[in-house]
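Before any comments, here is the structure.
The values are calculated or read from the model by the stated rules, or taken from the named source; none is laboratory data. As the structure is a computational prediction, the values presented were derived from the model and not from experiment. Cβ sites come from the backbone with ideal geometry, for glycine too, and all protein chains shown count toward neighbours. Please note that ligands, DNA and RNA were not included when accessible areas were found on the heavy atoms of the full protein model with its side chains. Shrake-Rupley method; radii C 1.70, N 1.55, O 1.52, S 1.80 Å.
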Amino acid sequence: MASLAQQFAGLRCPPISISRLTERAATFSKPKRAANFVVTAKAVAISNAQTKEREKLKQLFEEAYERCRTAPMEGVSFTVEDFHSALDAYDFNAEIGTRVKGTVFMTDNNGALVDITAKSSAYLPVQEASIHRIKRLEEAGIVPGMREEFVIIGENEADDSLILSLRSIQYELAWERCRQLQAEDVIVKGKVVGGNKGGLVAVVEGLRGFVPFSQISSKSTAEELLDKEFPLKFVDVDEEQSRLILSNRKAMADSQAQLGIGSVVTGTVQSLKPYGAFIDIGGINGLLHVSQISHDRVSDIATVLQPGDTLKVMILSHDRERGRVSLSTKKLEPTPGDMIRNPKLVFEKAEEMAQTFRQRIAQAEAMARADMLRFQPESGLTLSSDGILSPLNSDLPAEGLDLSDVPPADKSDGTSEKESD
(Lines give C-alpha, C1' and ligand atoms only; values in the text may rest on other atoms or scores of the structure.)
Protein backbone atom coordinates (compact mmCIF):
# COMPACT_ATOMS: atom_id res chain seq x y z
CA MET A 1 0.00 0.00 0.00
CA ALA A 2 2.85 2.33 1.01
CA SER A 3 4.61 1.77 -2.26
CA LEU A 4 1.34 2.46 -4.21
CA ALA A 5 0.87 5.73 -2.36
CA GLN A 6 4.39 6.66 -3.06
CA GLN A 7 3.94 6.00 -6.71
CA PHE A 8 0.82 8.29 -6.86
CA ALA A 9 2.65 10.91 -4.83
CA GLY A 10 5.45 10.86 -7.29
CA LEU A 11 3.16 11.66 -10.22
CA ARG A 12 3.34 15.21 -11.59
CA CYS A 13 0.58 16.82 -13.73
CA PRO A 14 1.05 20.05 -15.63
CA PRO A 15 -1.02 22.96 -14.26
CA ILE A 16 -4.26 23.83 -16.05
CA SER A 17 -4.09 27.03 -18.01
CA ILE A 18 -6.95 29.48 -17.63
CA SER A 19 -6.36 30.84 -21.10
CA ARG A 20 -6.76 27.41 -22.67
CA LEU A 21 -10.10 26.87 -20.93
CA THR A 22 -11.21 30.25 -22.13
CA GLU A 23 -10.24 29.42 -25.68
CA ARG A 24 -12.05 26.10 -25.59
CA ALA A 25 -15.18 27.72 -24.21
CA ALA A 26 -15.00 30.33 -26.92
CA THR A 27 -14.55 27.62 -29.52
CA PHE A 28 -17.74 25.81 -28.47
CA SER A 29 -19.85 28.90 -27.82
CA LYS A 30 -19.25 30.68 -31.16
CA PRO A 31 -20.86 28.04 -33.48
CA LYS A 32 -23.91 27.76 -31.26
CA ARG A 33 -24.51 31.47 -31.45
CA ALA A 34 -24.31 31.34 -35.23
CA ALA A 35 -26.83 28.44 -35.42
CA ASN A 36 -29.28 30.19 -33.17
CA PHE A 37 -29.07 33.25 -35.36
CA VAL A 38 -29.80 31.29 -38.53
CA VAL A 39 -32.88 29.59 -37.00
CA THR A 40 -34.18 32.87 -35.72
CA ALA A 41 -33.71 34.48 -39.10
CA LYS A 42 -35.57 31.69 -40.84
CA ALA A 43 -38.49 31.87 -38.38
CA VAL A 44 -38.76 35.60 -38.94
CA ALA A 45 -38.78 35.08 -42.73
CA ILE A 46 -41.57 32.47 -42.55
CA SER A 47 -43.58 34.66 -40.25
CA ASN A 48 -43.27 37.55 -42.65
CA ALA A 49 -44.34 35.38 -45.64
CA GLN A 50 -47.47 34.11 -43.81
CA THR A 51 -48.36 37.63 -42.82
CA LYS A 52 -48.09 38.80 -46.40
CA GLU A 53 -50.29 35.88 -47.58
CA ARG A 54 -52.90 36.69 -44.96
CA GLU A 55 -52.82 40.30 -45.96
CA LYS A 56 -53.30 39.35 -49.61
CA LEU A 57 -56.30 37.05 -48.79
CA LYS A 58 -57.77 39.75 -46.58
CA GLN A 59 -57.51 42.22 -49.42
CA LEU A 60 -59.20 39.75 -51.85
CA PHE A 61 -62.08 39.16 -49.44
CA GLU A 62 -62.54 42.86 -48.90
CA GLU A 63 -62.61 43.48 -52.65
CA ALA A 64 -65.12 40.60 -53.17
CA TYR A 65 -67.29 41.93 -50.37
CA GLU A 66 -67.27 45.35 -51.91
CA ARG A 67 -68.25 43.94 -55.33
CA CYS A 68 -71.10 41.91 -53.80
CA ARG A 69 -72.32 45.03 -52.01
CA THR A 70 -72.11 47.43 -54.90
CA ALA A 71 -72.53 45.19 -58.02
CA PRO A 72 -73.65 41.69 -56.97
CA MET A 73 -74.59 40.46 -60.48
CA GLU A 74 -71.55 41.79 -62.33
CA GLY A 75 -70.10 39.02 -64.52
CA VAL A 76 -72.75 36.46 -63.45
CA SER A 77 -74.72 34.83 -66.33
CA PHE A 78 -77.17 33.03 -63.99
CA THR A 79 -79.60 35.76 -62.94
CA VAL A 80 -82.04 35.87 -60.04
CA GLU A 81 -84.89 35.29 -62.46
CA ASP A 82 -83.15 32.16 -63.71
CA PHE A 83 -82.77 30.99 -60.14
CA HIS A 84 -86.48 31.44 -59.40
CA SER A 85 -87.39 29.70 -62.65
CA ALA A 86 -85.24 26.74 -61.67
CA LEU A 87 -86.95 26.60 -58.30
CA ASP A 88 -90.37 26.63 -59.96
CA ALA A 89 -89.31 23.84 -62.31
CA TYR A 90 -88.34 21.60 -59.43
CA ASP A 91 -90.98 22.77 -56.99
CA PHE A 92 -92.76 19.57 -55.88
CA ASN A 93 -96.40 19.53 -54.80
CA ALA A 94 -97.02 16.62 -52.46
CA GLU A 95 -100.71 17.23 -51.81
CA ILE A 96 -103.09 14.26 -51.96
CA GLY A 97 -104.80 14.11 -55.35
CA THR A 98 -101.86 15.63 -57.22
CA ARG A 99 -100.82 13.83 -60.40
CA VAL A 100 -97.10 13.30 -60.90
CA LYS A 101 -94.86 11.69 -63.49
CA GLY A 102 -92.63 8.94 -62.23
CA THR A 103 -90.32 6.12 -63.27
CA VAL A 104 -90.44 2.67 -61.69
CA PHE A 105 -86.95 1.58 -60.64
CA MET A 106 -87.60 -1.39 -58.32
CA THR A 107 -90.40 -3.93 -57.85
CA ASP A 108 -91.21 -6.70 -55.37
CA ASN A 109 -94.18 -8.89 -54.47
CA ASN A 110 -95.92 -6.07 -52.60
CA GLY A 111 -95.41 -3.09 -54.89
CA ALA A 112 -92.94 -0.83 -56.67
CA LEU A 113 -90.61 2.04 -55.83
CA VAL A 114 -91.09 5.04 -58.09
CA ASP A 115 -88.78 7.99 -58.68
CA ILE A 116 -90.90 11.15 -58.83
CA THR A 117 -87.97 13.63 -58.35
CA ALA A 118 -89.00 14.29 -54.76
CA LYS A 119 -86.77 14.24 -51.68
CA SER A 120 -87.50 10.54 -51.33
CA SER A 121 -88.87 7.78 -53.55
CA ALA A 122 -92.60 7.02 -53.66
CA TYR A 123 -94.31 3.65 -53.30
CA LEU A 124 -96.97 2.00 -55.48
CA PRO A 125 -98.78 -0.85 -53.63
CA VAL A 126 -99.81 -3.80 -55.79
CA GLN A 127 -103.49 -3.26 -54.93
CA GLU A 128 -103.24 0.27 -56.39
CA ALA A 129 -101.51 -0.83 -59.58
CA SER A 130 -104.58 -1.74 -61.67
CA ILE A 131 -108.33 -1.39 -61.87
CA HIS A 132 -108.46 -5.17 -62.18
CA ARG A 133 -107.60 -7.56 -59.40
CA ILE A 134 -104.01 -8.70 -59.81
CA LYS A 135 -101.54 -10.60 -57.67
CA ARG A 136 -98.33 -9.47 -59.35
CA LEU A 137 -97.27 -6.18 -60.87
CA GLU A 138 -96.24 -7.92 -64.09
CA GLU A 139 -99.90 -8.69 -64.77
CA ALA A 140 -100.47 -4.95 -65.17
CA GLY A 141 -97.30 -4.47 -67.22
CA ILE A 142 -95.44 -2.66 -64.44
CA VAL A 143 -91.69 -3.30 -64.69
CA PRO A 144 -88.54 -1.31 -63.86
CA GLY A 145 -87.99 1.49 -66.35
CA MET A 146 -91.70 2.09 -67.00
CA ARG A 147 -92.63 5.79 -66.88
CA GLU A 148 -96.23 6.65 -66.13
CA GLU A 149 -98.50 9.25 -64.57
CA PHE A 150 -99.51 8.49 -60.98
CA VAL A 151 -101.73 10.17 -58.42
CA ILE A 152 -100.73 10.77 -54.79
CA ILE A 153 -103.21 9.10 -52.43
CA GLY A 154 -101.37 9.22 -49.10
CA GLU A 155 -98.14 9.41 -47.11
CA ASN A 156 -96.24 6.82 -45.13
CA GLU A 157 -95.58 8.42 -41.73
CA ALA A 158 -92.78 5.97 -40.92
CA ASP A 159 -90.39 7.32 -43.57
CA ASP A 160 -92.30 10.29 -45.04
CA SER A 161 -92.55 8.55 -48.43
CA LEU A 162 -95.56 9.18 -50.66
CA ILE A 163 -98.08 6.49 -51.65
CA LEU A 164 -99.11 6.43 -55.32
CA SER A 165 -101.95 4.91 -57.31
CA LEU A 166 -102.69 3.99 -60.90
CA ARG A 167 -106.06 2.45 -60.09
CA SER A 168 -107.62 5.82 -59.23
CA ILE A 169 -106.64 7.25 -62.61
CA GLN A 170 -107.94 4.16 -64.41
CA TYR A 171 -111.27 4.43 -62.58
CA GLU A 172 -111.70 7.99 -63.80
CA LEU A 173 -110.95 6.92 -67.37
CA ALA A 174 -113.38 3.98 -67.07
CA TRP A 175 -116.25 6.23 -65.94
CA GLU A 176 -115.49 8.63 -68.78
CA ARG A 177 -115.50 5.73 -71.25
CA CYS A 178 -118.86 4.46 -69.94
CA ARG A 179 -120.40 7.92 -70.30
CA GLN A 180 -119.15 8.07 -73.87
CA LEU A 181 -120.56 4.61 -74.68
CA GLN A 182 -123.90 5.56 -73.17
CA ALA A 183 -124.02 8.72 -75.27
CA GLU A 184 -123.27 6.67 -78.39
CA ASP A 185 -125.94 4.12 -77.37
CA VAL A 186 -123.73 1.17 -78.26
CA ILE A 187 -123.89 -2.47 -77.18
CA VAL A 188 -121.04 -3.72 -74.98
CA LYS A 189 -120.02 -7.09 -73.58
CA GLY A 190 -120.21 -7.65 -69.82
CA LYS A 191 -118.92 -10.56 -67.75
CA VAL A 192 -121.15 -11.82 -64.94
CA VAL A 193 -119.16 -11.99 -61.68
CA GLY A 194 -121.93 -12.27 -59.11
CA GLY A 195 -125.57 -11.79 -58.29
CA ASN A 196 -128.19 -11.26 -55.59
CA LYS A 197 -131.96 -11.38 -55.21
CA GLY A 198 -132.40 -8.32 -57.41
CA GLY A 199 -130.16 -9.11 -60.33
CA LEU A 200 -126.66 -9.75 -61.62
CA VAL A 201 -123.33 -8.00 -61.17
CA ALA A 202 -121.38 -7.63 -64.41
CA VAL A 203 -118.01 -6.05 -65.13
CA VAL A 204 -117.92 -3.53 -67.99
CA GLU A 205 -114.80 -1.48 -68.80
CA GLY A 206 -113.37 -2.55 -65.44
CA LEU A 207 -116.38 -1.23 -63.47
CA ARG A 208 -118.93 -3.37 -61.64
CA GLY A 209 -122.43 -2.68 -62.92
CA PHE A 210 -125.83 -3.98 -61.84
CA VAL A 211 -128.25 -5.73 -64.20
CA PRO A 212 -131.76 -6.07 -62.67
CA PHE A 213 -133.55 -9.34 -63.42
CA SER A 214 -136.27 -7.30 -65.11
CA GLN A 215 -133.63 -6.20 -67.64
CA ILE A 216 -132.45 -9.73 -68.51
CA SER A 217 -134.05 -11.33 -71.56
CA SER A 218 -132.76 -14.81 -70.83
CA LYS A 219 -134.60 -17.16 -68.47
CA SER A 220 -131.30 -18.55 -67.17
CA THR A 221 -130.52 -18.35 -63.46
CA ALA A 222 -127.68 -16.34 -61.96
CA GLU A 223 -125.69 -19.51 -61.36
CA GLU A 224 -126.01 -20.49 -65.02
CA LEU A 225 -124.83 -17.07 -66.20
CA LEU A 226 -121.91 -16.79 -63.76
CA ASP A 227 -118.54 -16.16 -65.51
CA LYS A 228 -120.29 -15.79 -68.87
CA GLU A 229 -120.38 -12.73 -71.13
CA PHE A 230 -123.56 -11.31 -72.59
CA PRO A 231 -124.57 -8.11 -74.43
CA LEU A 232 -125.53 -5.04 -72.40
CA LYS A 233 -126.52 -1.42 -72.86
CA PHE A 234 -126.12 1.44 -70.40
CA VAL A 235 -129.18 2.66 -68.51
CA ASP A 236 -127.65 4.91 -65.85
CA VAL A 237 -124.03 6.08 -65.47
CA ASP A 238 -123.52 8.13 -62.30
CA GLU A 239 -119.91 8.44 -61.12
CA GLU A 240 -120.74 10.64 -58.11
CA GLN A 241 -123.13 8.01 -56.74
CA SER A 242 -120.97 5.12 -57.99
CA ARG A 243 -124.04 3.78 -59.77
CA LEU A 244 -123.84 1.84 -63.02
CA ILE A 245 -127.11 0.27 -64.23
CA LEU A 246 -127.12 -1.98 -67.30
CA SER A 247 -129.76 -3.71 -69.43
CA ASN A 248 -129.52 -6.95 -71.37
CA ARG A 249 -133.08 -6.60 -72.66
CA LYS A 250 -132.33 -3.32 -74.46
CA ALA A 251 -129.18 -4.78 -76.02
CA MET A 252 -131.06 -7.84 -77.27
CA ALA A 253 -133.87 -5.71 -78.72
CA ASP A 254 -131.38 -3.59 -80.66
CA SER A 255 -129.47 -6.64 -81.87
CA GLN A 256 -132.66 -8.29 -83.10
CA ALA A 257 -133.73 -5.13 -84.89
CA GLN A 258 -130.50 -5.25 -86.90
CA LEU A 259 -131.09 -8.82 -88.10
CA GLY A 260 -132.35 -8.36 -91.63
CA ILE A 261 -133.37 -11.26 -93.82
CA GLY A 262 -130.48 -12.14 -96.10
CA SER A 263 -127.84 -10.41 -93.97
CA VAL A 264 -124.58 -12.20 -93.16
CA VAL A 265 -123.43 -12.35 -89.54
CA THR A 266 -120.56 -14.02 -87.72
CA GLY A 267 -121.42 -16.51 -85.00
CA THR A 268 -119.99 -19.17 -82.72
CA VAL A 269 -121.24 -22.74 -82.46
CA GLN A 270 -122.67 -23.20 -78.95
CA SER A 271 -124.02 -26.75 -79.08
CA LEU A 272 -124.92 -29.56 -81.48
CA LYS A 273 -128.23 -31.39 -81.64
CA PRO A 274 -129.39 -34.22 -83.96
CA TYR A 275 -131.54 -31.73 -85.86
CA GLY A 276 -129.03 -28.87 -86.11
CA ALA A 277 -126.56 -26.55 -84.42
CA PHE A 278 -127.26 -23.58 -82.14
CA ILE A 279 -125.19 -20.55 -83.12
CA ASP A 280 -124.54 -17.51 -80.91
CA ILE A 281 -124.80 -14.37 -83.05
CA GLY A 282 -124.14 -11.39 -80.81
CA GLY A 283 -125.95 -12.74 -77.77
CA ILE A 284 -128.82 -14.24 -79.74
CA ASN A 285 -129.09 -17.99 -80.28
CA GLY A 286 -130.00 -18.96 -83.81
CA LEU A 287 -130.71 -22.43 -85.22
CA LEU A 288 -128.73 -23.74 -88.16
CA HIS A 289 -130.94 -26.65 -89.18
CA VAL A 290 -129.20 -29.71 -90.56
CA SER A 291 -131.01 -29.20 -93.87
CA GLN A 292 -129.55 -25.66 -94.13
CA ILE A 293 -125.90 -26.61 -93.64
CA SER A 294 -125.17 -27.70 -97.21
CA HIS A 295 -126.83 -28.63 -100.48
CA ASP A 296 -125.28 -32.06 -100.01
CA ARG A 297 -126.79 -34.31 -97.38
CA VAL A 298 -125.20 -34.08 -93.93
CA SER A 299 -125.61 -37.34 -92.01
CA ASP A 300 -123.55 -36.30 -88.96
CA ILE A 301 -123.31 -32.62 -88.00
CA ALA A 302 -120.17 -33.26 -85.93
CA THR A 303 -118.26 -34.01 -89.13
CA VAL A 304 -118.87 -30.43 -90.31
CA LEU A 305 -119.16 -28.35 -87.13
CA GLN A 306 -117.81 -28.45 -83.57
CA PRO A 307 -118.72 -26.35 -80.48
CA GLY A 308 -116.53 -23.25 -80.43
CA ASP A 309 -116.20 -23.01 -84.21
CA THR A 310 -116.56 -19.52 -85.68
CA LEU A 311 -118.46 -19.27 -88.94
CA LYS A 312 -120.48 -16.96 -91.15
CA VAL A 313 -124.20 -17.58 -91.51
CA MET A 314 -127.05 -15.91 -93.32
CA ILE A 315 -130.32 -14.90 -91.66
CA LEU A 316 -133.22 -16.81 -93.22
CA SER A 317 -136.00 -15.73 -90.88
CA HIS A 318 -136.50 -13.94 -87.58
CA ASP A 319 -139.50 -14.44 -85.31
CA ARG A 320 -139.22 -11.51 -82.88
CA GLU A 321 -142.21 -12.59 -80.81
CA ARG A 322 -140.76 -16.02 -80.11
CA GLY A 323 -137.15 -14.88 -80.29
CA ARG A 324 -136.28 -17.49 -82.91
CA VAL A 325 -133.75 -16.97 -85.68
CA SER A 326 -133.26 -19.39 -88.55
CA LEU A 327 -129.82 -19.50 -90.14
CA SER A 328 -128.26 -20.97 -93.26
CA THR A 329 -124.82 -21.72 -94.67
CA LYS A 330 -126.38 -23.61 -97.56
CA LYS A 331 -127.36 -20.32 -99.27
CA LEU A 332 -123.74 -19.18 -99.06
CA GLU A 333 -122.21 -22.11 -100.95
CA PRO A 334 -120.71 -21.06 -104.31
CA THR A 335 -121.26 -24.62 -105.50
CA PRO A 336 -123.28 -27.39 -103.81
CA GLY A 337 -121.31 -29.24 -101.12
CA ASP A 338 -118.68 -26.53 -100.51
CA MET A 339 -119.64 -26.32 -96.84
CA ILE A 340 -118.54 -29.93 -96.42
CA ARG A 341 -115.49 -29.91 -98.69
CA ASN A 342 -114.20 -26.32 -98.40
CA PRO A 343 -115.92 -24.25 -95.69
CA LYS A 344 -113.18 -21.58 -95.88
CA LEU A 345 -114.25 -20.76 -99.44
CA VAL A 346 -117.87 -20.48 -98.28
CA PHE A 347 -116.93 -17.89 -95.63
CA GLU A 348 -114.74 -15.93 -98.09
CA LYS A 349 -117.60 -15.73 -100.63
CA ALA A 350 -120.33 -15.26 -98.00
CA GLU A 351 -121.12 -11.58 -98.68
CA GLU A 352 -121.02 -12.09 -102.45
CA MET A 353 -123.40 -15.08 -102.33
CA ALA A 354 -125.71 -13.27 -99.89
CA GLN A 355 -125.91 -10.33 -102.28
CA THR A 356 -126.93 -12.71 -105.07
CA PHE A 357 -129.57 -14.22 -102.80
CA ARG A 358 -130.97 -10.78 -101.93
CA GLN A 359 -131.16 -9.87 -105.61
CA ARG A 360 -133.20 -13.01 -106.28
CA ILE A 361 -135.53 -12.15 -103.43
CA ALA A 362 -135.92 -8.61 -104.75
CA GLN A 363 -136.67 -9.87 -108.25
CA ALA A 364 -139.17 -12.38 -106.94
CA GLU A 365 -140.93 -9.64 -104.97
CA ALA A 366 -140.90 -7.39 -108.02
CA MET A 367 -142.51 -10.10 -110.13
CA ALA A 368 -145.12 -10.62 -107.46
CA ARG A 369 -145.93 -6.93 -107.46
CA ALA A 370 -146.01 -6.97 -111.26
CA ASP A 371 -148.61 -9.73 -111.20
CA MET A 372 -150.71 -7.58 -108.92
CA LEU A 373 -150.35 -4.57 -111.23
CA ARG A 374 -151.52 -6.67 -114.18
CA PHE A 375 -154.93 -6.63 -112.62
CA GLN A 376 -154.70 -3.17 -111.06
CA PRO A 377 -153.61 -0.69 -113.82
CA GLU A 378 -155.35 2.10 -111.93
CA SER A 379 -152.56 2.07 -109.31
CA GLY A 380 -150.53 4.32 -111.62
CA LEU A 381 -147.23 2.38 -111.20
CA THR A 382 -144.93 0.66 -113.65
CA LEU A 383 -142.11 -1.87 -113.19
CA SER A 384 -138.63 -1.07 -114.53
CA SER A 385 -136.20 -3.67 -115.89
CA ASP A 386 -134.40 -3.49 -112.52
CA GLY A 387 -137.54 -4.55 -110.67
CA ILE A 388 -138.26 -1.03 -109.35
CA LEU A 389 -141.77 0.37 -109.25
CA SER A 390 -142.16 3.90 -110.61
CA PRO A 391 -145.02 6.19 -111.80
CA LEU A 392 -146.57 5.44 -115.20
CA ASN A 393 -145.56 7.57 -118.18
CA SER A 394 -148.29 9.30 -120.16
CA ASP A 395 -147.24 7.33 -123.28
CA LEU A 396 -148.28 3.96 -121.83
CA PRO A 397 -151.44 2.35 -123.23
CA ALA A 398 -154.56 2.87 -121.24
CA GLU A 399 -155.41 -0.83 -121.21
CA GLY A 400 -152.54 -1.60 -118.87
CA LEU A 401 -148.96 -2.93 -118.86
CA ASP A 402 -147.34 -5.63 -120.94
CA LEU A 403 -145.16 -7.56 -118.48
CA SER A 404 -144.06 -10.28 -120.88
CA ASP A 405 -140.53 -8.84 -121.03
CA VAL A 406 -139.87 -8.97 -117.28
CA PRO A 407 -136.46 -10.77 -116.94
CA PRO A 408 -136.37 -14.04 -115.04
CA ALA A 409 -134.48 -14.45 -111.76
CA ASP A 410 -130.69 -14.49 -112.10
CA LYS A 411 -129.31 -18.06 -112.14
CA SER A 412 -125.64 -17.14 -112.45
CA ASP A 413 -124.55 -20.01 -110.17
CA GLY A 414 -126.09 -22.58 -112.50
CA THR A 415 -128.63 -23.89 -109.98
CA SER A 416 -132.37 -23.85 -110.38
CA GLU A 417 -134.63 -21.90 -108.02
CA LYS A 418 -135.83 -25.17 -106.60
CA GLU A 419 -132.27 -26.33 -105.92
CA SER A 420 -131.29 -23.02 -104.33
CA ASP A 421 -134.07 -23.34 -101.81
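Quick rundown of the values:
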| item | result |
| --- | --- |
| Which listed residue is modelled with pLDDT of 70 or more, over 30 Å from THR117 (Cα atoms) and open to solvent by 80 Å² or more (accessible area, probe 1.4 Å), from GLU62, GLU81 | GLU62 |
| Residue within the range 135-158 that is touching an Asp or Glu at 6+ places or on another chain (Cβ under 7 Å) and either open to solvent by 70 Å² or more (accessible area, probe 1.4 Å) or basic (Lys, Arg) (or both) present | no |
| Test: residue in the range 324-347 that is surrounded by fewer than 18 Cβ atoms within 10 Å (Cβ to Cβ), part of a helix (DSSP H, G or I) and in contact (Cβ under 8 Å) with a residue 24 or more places away in the chain | yes |
| Matching entry among SER294, SER299, SER379, SER317 (being among the small types (Gly, Ala, Ser) and modelled with pLDDT of 90 or more) | SER294 |
| Leading residue by the ranking (surrounded by the most Cβ atoms within 10 Å (Cβ to Cβ)) among those in the range 277-307 that are part of a strand (DSSP E or B) and β-branched (Val, Ile, Thr) | ILE279 |
| Qualifying residues in the range 204-232 (those that are closer than 23 Å to ILE281 by Cβ and assigned to a strand (DSSP E or B)) - the one modelled with the lowest pLDDT | PHE230 |
| Hits in the range 308-323 (condition: touching a residue at least 60 places away in the same chain (Cβ under 8 Å) and surrounded by 13 or more Cβ atoms within 10 Å (Cβ to Cβ)) | HIS318, GLY323 |
